[in-house]
Amino acid sequence: MGKPTLKFWQIINMNFGFFGLQYSFGLQQANMSPIYSYLGAEESELPLLWLAGPMTGLIVQPIIGAISDKTITKWGRRTPYFLIGAIFCSLSLLVMPYSSTVWMAASVLWILDAANNITQEPYRAFVSDKLPKEQHSLGFLTQSAFTGLGQTLSYLTPTLLIFFGVSELAKNESGIPVTTIIAFMIGAVVSIGSILWTLKTTKEIPISEEEKAHIRSQPKGIGPTIAEIAKAFKEMPLTMKQMLPMMLFSWYAMFIYWQYIAKSLSKSLFGTTDVFDPGFRKADLLVGQIGAFYNFIAFFAAFGLAMLAQKYGPKWIHGACMFLAGAGLLVIPQLNTPGMVFIPIIGMGLSWASMMGNPYVMLAGSIPPERTGVYMGIFNMFIVIPMLLETFTIPMYYSSWLGNSPVNAIRLAGTLLILAAISVAFIKLKRPDQSDLHAEKK
């Protein structure tokens, strides 16, 4: 029996937990580099201090994805991971803005990212489990919309707090702005609250007795889990392999963007990278505003992209969106007024909406349903490995190739996004009636 087609409001409820998850990610993207800078970190150290995200994603997500495929509880196979991850995420968000040293902040970030990763891949698999194939585009791009909404609000929260009377310059004893502290407290509530809403309104499809018997017959423990991941790698579908260059270029670029956009704008617009200069604080707030703006664009664009992807194909829409984002990043360093930055950042909004949805549409159509969790976890490695490469390679050439300039780092990110856009032409999507063998021969 096929899966039932869900109503739009049911898909909204199912994905609402992604709103809190992405509010948390947005707080990291907008605030971790400034927090590290306020605590005394050097520019060249920033990639290493961001290591938590890619490392926890590399280790946690494939393992959790594989384990969740074989989990049997009275709550379901994915639900326990949503709740455990959300609890630890909320606790970490409460602690983060009270960090007193760089390494304390980095340590809390490791816990926060591990918690987010425990939640995220089972959540991706949950959507694929729950929806029939014809609703995959709507399901994943609804997650993309909640990514845009959650990150819009997280980026914009400090500016809204200032609007409502919180001092722009007030800081704690570690130099972290009070607006940042309050934003992280709000994030802790939103993170756990949105997951609880999804758990209350959306139940997993019960596992059949036949499926339970098959799962119970499988070997248990970390050894067999690692073996299952290795086997899945060996049997990886062709489409998934062809997505590697696209993922490498795009996520290497995004990690550069998040790490260096604050200092780039501070340098190009305000002529300083000194964290004690008022210009840096203005750039810090501007990053929050443009981050909110491009996520706002992503929120509204996601549903339009879903329709376009169904008509023209997800890979071509994704390529066009990444090209616009790359071109926008190449333009930004040439601008000399803050208001003009919002025009080229529209491309980033379209690309971000697409990145959170279309690759998963391409992936879901190419992987076997019974291994959704493990392949979703492996696919996350296509995101975190580029981040790890960026972490370890940027310090090698930041001085010699980029001239110790965050502005040049942003130019590099733009170029890489354009290369990612070009690489989609080499992806051959599997049609519903094709086998991998047919795809190989094509």
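What does the C-alpha gyration tensor say about the overall shape of segment 288-415? Classify as rounded when a/c is under 1.5, otherwise prolate if a/b is larger than b/c, or oblate.
Details: a/c = 2.61, a/b = 1.32, b/c = 1.97.
In terms of gyration-tensor shape, oblate.
Structure shown: which of Lys171/Lys282; Lys200/Lys220; Lys212/Lys241; Lys130/Lys200; Lys241/Lys428; Lys7/Lys200 lie over 20 Å apart, alpha-carbon to alpha-carbon? Provide the component values of the computation, followed by the final result.
Values: Lys171/Lys282 15 Å; Lys200/Lys220 30 Å; Lys212/Lys241 31 Å; Lys130/Lys200 15 Å; Lys241/Lys428 10 Å; Lys7/Lys200 17 Å.
Flagged as over cut-off: Lys200/Lys220; Lys212/Lys241.
Based on the alpha carbons, how large is the Rg to Rh ratio for segment 71-187 when Rh follows Kirkwood? Each step should come with its number before you reach the end.
Values: Rg = 17.5 Å, Rh = 16.4 Å.
Result for segment 71-187 is an Rg/Rh of 1.07.
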Original post:
If contacts are Cα pairs under 8 angstrom and at least 6 residues apart, what is the relative contact order of segment 180-338 in percent?
Top reply: 17
Original post:
With contacts defined as alpha carbon pairs under 8 Å and 6 or more residues apart, what's the relative contact order of the chain in percent?
Top reply: 27
Original post:
Which percent of the accessible heavy-atom area of segment 120-183 goes to carbon and sulfur, probe 1.4 angstrom?
Top reply: 68
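When the chain is fully extended, how far beyond the present Cα-Cα distance does Leu160 get from Met340, taking 0.36 nm per residue of separation?
Numbers: separation 180, 0.36 × 180 = 64.80 nm, distance 2.08 nm.
Computed gain between Leu160 and Met340 is 62.7 nm.
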Subject >> Cβ-placed point charges (K, R +1; D, E -1), dipole of segment 110-237 about Cα centre in debye, nearest 20 >> reply: 140
**OP:** Might you tell me the accessible area per residue for segment 11-64, computed with a 1.4 Å probe and given in Å²?
**Re:** 22
Original post:
Name the GluC sites (Glu not before Pro) in segment 100-196 that are in a loop by DSSP and that have at most 10 other C-beta atoms within 10 Å, would you?
Top reply: Glu173
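Filter the GluC sites (Glu not before Pro) in segment 38-108 down to the DSSP loop ones having no more than 15 other Cβ atoms within 10 Å, then list what survives. Can you show the working numbers first?
Values: sites: Glu42, Glu43, Glu45; in loops: Glu42.
Listed in order of number, the matching sites are Glu42.
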Subject >> Residues of type aspartates and glutamates that Lys74 reaches as a straight line, Cα spacing below 17 Å, ignoring anything fewer than 8 places off in the same chain >> reply: Asp129, Glu204, Glu209, Glu210, Glu211
**OP:** Compute the relative contact order of segment 69-178 as a whole-number percentage, counting only Cα pairs closer than 8 Å that sit 6 or more residues apart in sequence.
**Re:** 24
Original post:
What's the carbon and sulfur percent of segment 348-413's accessible surface, probe 1.4 angstrom, rounded to a whole number?
Top reply: 69
Subject >> Portion, in percent, of the accessible area of segment 200-272 that falls on carbon or sulfur, probe 1.4 Å >> reply: 61
Original post:
What residue among Ser191, Thr159, Pro237 has its Cα farthest toward the positive end of the dipole of segment 115-249, where the charges are +1 on Lys, Arg and -1 on Asp, Glu, each on the Cβ?
Top reply: Pro237
Subject >> Label-reachable residues, segment 336-372, where backbone N falls under 15 Å from a point 7 Å from Glu209's Cα toward its Cβ >> reply: none
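At 1.4 Å probe radius, can you tell me the per residue accessible area of segment 119-167 in Å²?
Working: 1350 Å² over 49 residues.
Ligands and nucleic acids excluded, the result is 28 Å² per residue.
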Original post:
So which residue, out of Gly365, Gly403, Gly139, gets the largest mean-square fluctuation from a GNM of the chain using Cα contacts under 10 Å as springs?
Top reply: Gly403
Original post:
Given H placed on each backbone N at 1.01 Å, which residues far from Lys171 in sequence or on other chains put an amide H within less than 5 Å of it?
Top reply: Val178
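Quick one: grab the alpha carbon gyration tensor of segment 349-413, order the square roots of its eigenvalues as a ≥ b ≥ c, and give me rounded if a/c is under 1.5, else prolate or oblate depending on whether a/b is larger than b/c. All intermediate terms of the calculation are to be shown ahead of the outcome.
Working: a/c = 5.37, a/b = 2.16, b/c = 2.49.
Oblate.
What shape does segment 195-258 take by its C-alpha gyration tensor, where a ≥ b ≥ c are the square roots of the eigenvalues and a/c under 1.5 counts as rounded, a/b above b/c as prolate, and the rest as oblate?
Details: a/c = 2.47, a/b = 1.36, b/c = 1.82.
Cα axes put segment 195-258 in the oblate bin.
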Subject >> Where trypsin sites (Lys or Arg not before Pro) fall in DSSP loop in segment 19-110, at most 16 other Cβ within 10 Å >> reply: Lys74
**OP:** Among Gly40, Met387, Gly139, flag the residue with its Cα farthest along the positive direction of the charge dipole of the chain, charges on Cβ as +1 for Lys/Arg and -1 for Asp/Glu.
**Re:** Gly139
Original post:
Per residue and in Å³, how big is the convex hull formed by the alpha-carbon atoms of the chain?
Top reply: 136
Original post:
Going highest first, how would you order 113-123, 317-327, 185-195 by mean Cβ packing within 10 Å?
Top reply: 113-123, 317-327, 185-195
**OP:** Please give the per residue accessible area of segment 243-356, computed with a probe of 1.4 Å over protein heavy atoms only, in Å².
**Re:** 35
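The values are calculated or read from the model by the stated rules, or taken from the named source; none is laboratory data. Being a predicted model, the structure only gives us computed values, none of them experimental. Cβ: placed from backbone, ideal geometry, glycine included. Neighbour counts: every protein chain shown. Ligands, DNA and RNA are stripped out before the accessible areas are found, and what is left, the full protein with its side chains, is counted by its heavy atoms. Shrake-Rupley method; radii C 1.70, N 1.55, O 1.52, S 1.80 Å.
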